[in-house]
């Protein structure tokens, strides 16, 4: 068994759409992560009768924020992917004209 040094895998350049999609996936993962959801409560609630309820309230709010972020970044990724796809297929002047369209219209134009 030889211990050859391997080259690390080359990192591919991430597109804007890919970066948005990564953020959407991270937010979705965080929405199910107890470590991310259940944080310390404020000093006001520590040791009080409401501490347990505040933990649950904070966790639900954090989950909602993460899920909203996931939906938002998914929509941004879809628009960025449509823009990148159309830019790869069309001439610059056509892309500039299509850039003014709403996202659903751009998605319908792509083959």
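Just so it is clear, none of the values below were taken in a lab; they were calculated from the coordinates. Note that the structure is predicted; figures quoted are calculated from it, not measured. Positions of Cβ are generated from backbone atoms using ideal geometry, with glycine treated the same way; all protein chains shown enter the neighbour counts.
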Checklist outcome for this item: Among 66, 38, 20, the residue with the largest mean-square fluctuation in a Gaussian network model of the chain built from Cα contacts under 10 Å is 38
Checklist entry - Cα axis of helix 51-89 to longest principal axis of the chain: angle in degrees, 0 to 90, nearest 10? => result 0
Next on the checklist: Could you work out [θ]222 nm for the chain from helices alone, using -39500 (n - 2.57) per DSSP H run of at least four and dividing by all its residues? Round to the nearest 500 deg cm²/dmol.
Outcome noted: -21000 deg cm²/dmol
Item to check | Residue of 99, 43, 26 that the Gaussian network model of the chain assigns the largest fluctuation, springs spanning Cα pairs under 10 Å | outcome: 43
Checklist outcome for this item: So the angle from the long Cα axis of helix 16-30 to the longest Cα principal axis of the chain, reported in degrees to the nearest 10, equals 20
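Hey, with R₀ at 30 Å, roughly what FRET efficiency would residue 55 and residue 25 work out to, going by the Cβ-Cβ distance, to 0.05?
Numbers: r = 26 Å, r/R0 = 0.87.
With a Förster radius of 30 Å, E is 0.70.
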Next on the checklist: Connecting C-alpha atoms closer than 10 Å in a GNM of the chain, tell me which of 67, 90, 49 has the biggest fluctuation.
Outcome noted: 49
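Can you give the Rg to Rh ratio for the chain, taking only C-alpha atoms and Rh from Kirkwood?
Working: Rg = 21.9 Å, Rh = 17.7 Å.
Computed over Cα atoms, the ratio is 1.24.
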